[in-house]
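Some notes on the structure that comes next.
Read the figures in this text as sums done on the coordinates, not as results from a lab. Since the model is a prediction, treat every value here as computed from it, not as a measurement. Here Cβ is always computed from backbone atoms with ideal geometry, including for glycine, and neighbour counts include all displayed protein chains.
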Amino acid sequence: MKEGTHGDRHEAEKRLARPRSHPSVAPREAALLVGLVLPGTPAWEAEDSLDELGHLAETAMLAVAGRVLQAQPRIGATYYIGKGKAHELEERAHGCGASVIVFDNDLSPAQMRNLERLSGLRVLDRSAVVLDIFARHARTRTAMVQVELAQLEYLLPRLTRQWTHLSRQAGGGAIRGMGGTGVRGPGETQLEIDRRLIRDRIRSLRRELGRIGSRMATSRKGRGDRFRVALVGYTNAGKSTLMRALSGAEVLVEDRLFATLDSTTRAVDLDGRCTVLLTDTVGFIKRLPHHLLASFRATLEEAVEADLLLHVVDLSHPHCDLQMETVRSVLETLGIADRHTLLVYNKVDRVVRGDGNGACPRPTLRPGAGVEVSALTGAGLDDLRARIRARCREREVILDLRIPHAEGRLLSQLHGHGEVLERSSGPTDARVRVRIDRRWAGRLGLARFEEGAA
Ligand SMILES: Nc1nc2c(ncn2[C@@H]2O[C@H](COP(=O)(O)OP(=O)(O)OP(=O)(O)O)[C@@H](O)[C@H]2O)c(=O)[nH]1
Ligand SMILES: [Mg+2]
């Protein structure tokens, strides 16, 4: 093992364990990016994925010093790659001055450890980089708790003797909430203490997340029964820009990956008569770490409970079809792949028509299958509003009711929750034609008052 390895590992540990560190003034570490082309994966796809890893690495404040794309017949159990290849990578890293090797493929804790031992360099994978970005961008308590939980769950099986002494570092802010509790029990090694501290912290974060989840559920209930629409899509597709354009909400828009880590919900008036609740939330990416998806469940619940999903696609991205596939598979993991979904092809202002130059091939775009918009210029937004409105309408029924004058309160509820289309008054009852949400019709027991009802 080379000199400085322990130091490097301590750096790795701090990086993972300190979710809120923003070493923007520290010099960027140089990284060698490695993509492995496994059988069945076309080289261009691996290349594209490595480009994306480059964006991710830069967003995580690493400086990309070099990249390697290499065919790999099968996954090796010990190092992921062959031992000889691992040595070659080490040389390559030294050659370009990199102190970190970042694999695009996800490594098991053992593979990561073995590679670190062999190369004497710090080894990260895509998940570690994504977790790091989330930690950097988390601003609210909810996002911070969710990210820290995901980070610790990722860290726990990777904790080795070289990664220990968390309790001693806790004073320096290594892991929040762990300072002062690192008292060694009888016969406990430092590693065991650290694992125990992490498990305790995970438990406490889970409890806090449970409380946050119920608070969020209560506030969702408080918003009533209005039609709920959620923006979902690949990171940087333009969800927040669209949220701004439709609702006027001052949500953060930035040309960087994972700008949004919270959900924001606003009432949006579509046409002066129909108001829906629109939610902007966290974006997806290829191989989103499963710890993140699980711990961000509370935030994603807004999308999970929506009546309609707007799947926002960056039409100007050369491989937007792959991004769409990724989003679909995340929706599947969340159990909402079968939810009513409207494809929203965004950034049309960037797409050059005719020659297909640089634009997505749009294999799934058939007439009626999606709406083309530019959240930036406002093109196509009226069409989008009309399509949302049409969906909202599908949940409504038109009823002809006879309401006895004694039920005056019901009449005012109809005005509150539905749209009264016609109304006339007789000697004993009022005749009302109303357009109303099916759920409200059930809740108000309107079937009793329908014309012809016994
Ligand atoms: N040209 C063009 N750029 C757009 C359009 N919509 C969004 N953008 C740009 O795309 C970048 C990302 O936009 P965001 O709205 O932050 O994307 P997002 O989907 O919310 O991204 P995350 O929150 O990171 O998942 C920003 O630089 C936007 O200005 C569009 O219609 N046309
Ligand atoms: Mg956003």
### Task
Would you mind listing the helices (runs of 4 or more DSSP H) fully within the range 203-315 where at least 3 residues are near ligand 1 (Cβ under 10 Å from one of its atoms)?
239-247
### Filter result (more than 8 Å from ligand 2 (Cβ to nearest atom), without any contact (Cβ under 8 Å) to a residue 60 or more places away in the chain and not basic (Lys, Arg)) within the range 223-255
Gly224, Ser247, Gly248, Ala249, Glu250, Asp255
### Message
Only one of Gly54, Gly84, Gly40 is surrounded by fewer than 19 Cβ atoms within 10 Å (Cβ to Cβ) and in a loop (DSSP other than H, G, I, E, B). Can you tell me which?
### Response
Gly40
### Summary
Counting only residues that are touching a residue at least 12 places away in the same chain (Cβ under 8 Å) and away from ligand 2 (no atom under 11 Å from the Cβ), the range 256-280 contains a total of 13
